[in-house]
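A short write-up of the structure that comes next.
Just so you know, all these numbers are worked out from the coordinates, no wet-lab data involved. Just so you know, these numbers come straight off a predicted model, no measurement behind them. FYI the Cβ positions are ideal-geometry reconstructions off the backbone, even for glycines, and counts take in every protein chain you see.
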Amino acid sequence: MKEIPTREQLNKADKDVLVTMTLSMAQQLAEQTELIRMLKLEVESLSEKLSLSRTRQFAPSTETGLTGEQMSIYDMGFNEAEALTEDPAQVEQDMEDVVSYRRKKKAGKRDEDLEGFPVEEITHPIEEERLKQLFPDGYTNLPDEVYRKLEMIPSTFKVIEHHLKVYRGKDGKIVKADHPKEMISNSIATPSLVAAIINAKYINALPLYRQEQEYKRNGVSISRQTMANWCILSAERYLSLITERLKEELLKAHVIHADETPVTVKKDGREGIHQNYMWVYRSGELCKADPVIIYDYRKTRKADAPKEMLRGFEGKLVCDGYQVYHGIENDGSALTVAGCWTHARRPFAEVVKSLGKDKAKNTAAYEALLQIEQIYRKDNELLKLPPAERKRKRRLLIRPLVNGFFDWCRAEKDKVRSAGKTAEGINYCLNQEKYLRVFLTDPEVPLDNNPAERAIRPFCVGKKNWILIDTIHGARASAILYSLAETAKANGLKPYNYFKHLLTEIPKHMDDTNLEFLEDLLPWSDKLPDECRKPRS
């Protein structure tokens, strides 16, 4: 350790020596200050990683309400039922709420709400002997007091036995009467039965083995292999005609959302088990066109999948930061890629969530989250405006917020630990700036890719139940069936009734020389029967 010079020694020291000592001490102080700053950043980075690890392991997955925003009931987790109310009587619904999507009617309008539902009358009389005891001088019947209950009859089966009349002429000629076109020849399958199986699996995420168990409990023995075969045949032979037609409509949209998720296909032609992918494409929610959702199964996550699907598309493609999408735009395609602000927000939300709101308030992640949420809040206020007015307001009100956010990102980039989650979020935003700004120039482009994520969520929920798909045929059939199920829901249809209608009508036209009949079967066709549509609210 160097000896510290005394005041007397310093007074006698040469000026050049003093200058050299001062500069040396200043340099050492600067080095120590930088070292302290680096150590502080390292501690913050390690604390952030530890907090993120704990959060991923133990905390709920929601990111809502991190900066004080009001949480929705969907963030209440497993305690949802108890969280809503402490008084069970408050959650009991009126009959008109249960059986109709209409708003409550005035007194005396309940019959209108119940119109179309079968009614079974059950009379509760008083025995005649009892009446004589109660009214020895006689009585008069008054109008009945009526109350209603809603009863469900699950899994009701009946056998439809077709009797074909057979005739023989005097000349020995034998003629049979015509019969309806069979959906699957030499099979007990009917449109209602297959539609029920499809609805259970692709709408309610009930795997086939559990359906098999439920059927057995009702005295009906249908193996899961038979059900899988029915689904695949129906999808490939009939329902694929509708999905191909829907793809044509999708490519006419001005905005398309895209996303993908991994899926395991056991027998995909390769040795071992490999990761396959289900891609989803959805027409934009801010556009006036009828909604279309298309699932597309592929063996890989390479660019060939979206390139083939989006060939000829000339609008805006909203997606995450996956480079494959950007590569399509860079290869000379006419489409324009728009970025997703939810993905930009996510790294900052993870940091704030892991640290907790109070500890995170002085962090860069919290500041980033506040700025992004302000952009969302202002843009949400413009969603009901006509497109031209929304574009003008975005330029006046949202663009300055976006400019300020990216200026802040550039200023903060060198102030945060490069290996931390906050730095990851800042770098993502700066790398995606070109795409994150696209919504400012097109009023039909939303801030994020949430519509695609919502569209693919039913598949993600379903695959947790059935784990893997056995064959490529099963994967392709699943893509067709999920496409129709989600498109039906997006267009306000009842999926079971819609599948039943399609499987009833399409087989009738398999000998047609053209496909014009499909126009009457599209989800928005006014030729669909009323039973396919949900009652309007």
Which lysines have a Cα less than 21 Å from the Cα of K302, not counting those fewer than 8 places away in the same chain?
K247, K266, K267, K316
For segment 287-297, 3J(HN,Hα) per residue [Karplus equation, 6.51 cos²θ - 1.76 cosθ + 1.60, θ = phi - 60°, Hz, x = Gly/Pro]:
8, 7, 5, 5, x, 10, 10, 10, 9, 9, 7
Applying the Karplus parametrisation 6.51 cos²θ - 1.76 cosθ + 1.60 with θ = phi - 60° to the phi angles of segment 355-364, what ³J(HN,Hα) value in whole Hz is obtained for each residue in order, glycine and proline being reported as x?
7, x, 4, 5, 6, 8, 4, 9, 9, 5
Would you list which lysines come within 23 Å of K216, measuring only between C-alpha atoms, while excluding same-chain residues fewer than 8 positions from it?
K158, K201, K500
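Hey, with R₀ at 45 Å, roughly what FRET efficiency would L23 and D358 work out to, going by the Cβ-Cβ distance, to 0.05?
Details: r = 44 Å, r/R0 = 0.97.
According to the calculation, E is roughly 0.55.
How would S221, S234, S240 line up from fewest to most surrounding beta-carbon atoms within 10 angstrom? The partial results should precede the final answer.
Working: S221 9, S234 27, S240 19.
Fewest-to-most ranking of S221, S234, S240: S221, S240, S234.
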For the residue pair K149 and K508, what label-to-label distance in nm results when each label sits 7 Å from Cα along the Cα-to-beta-carbon direction?
4.0 nm
Past the 19 angstrom mark, what percentage of all C-alpha to C-alpha distances in segment 115-178 do you count?
69 percent
Any idea how far the Cα center of segment 385-419 sits from the one of segment 236-268, in Å?
34 Å
What whole-number value in cubic angstrom gives the convex hull volume per residue for the C-alpha atoms of segment 220-300?
141 Å³
Please enumerate, by chain and number, the lysines with C-alpha under 19 Å from the C-alpha of K393, excluding those fewer than 8 residues away in the same chain.
K378, K384
Cα pair distances exceeding 19 angstrom across segment 161-264, given as percent
63 percent
Any idea what the dipole of segment 341-443 comes to, in debye rounded to 20, about its Cα centre with Lys/Arg Cβ at +1 and Asp/Glu Cβ at -1?
240 debye
Within segment 432-498, pairs of Lys residues whose Cα atoms are less than 30 angstrom apart, provided they are eight or more positions apart or on distinct chains, add up to 4
Percent relative contact order of segment 341-443, based on C-alpha pairs within less than 8 angstrom and at least six residues apart?
35 percent
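Based on other C-beta atoms within 10 Å, arrange T441, T140 from fewest to most. All intermediate terms of the calculation are to be shown ahead of the outcome.
Numbers: T441 14, T140 5.
Least crowded to most crowded, the residues run T140, T441.
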Rounded to whole angstroms and listed largest first, the alpha-carbon spread of segment 341-443 along its three principal axes comes to 42, 26, 18
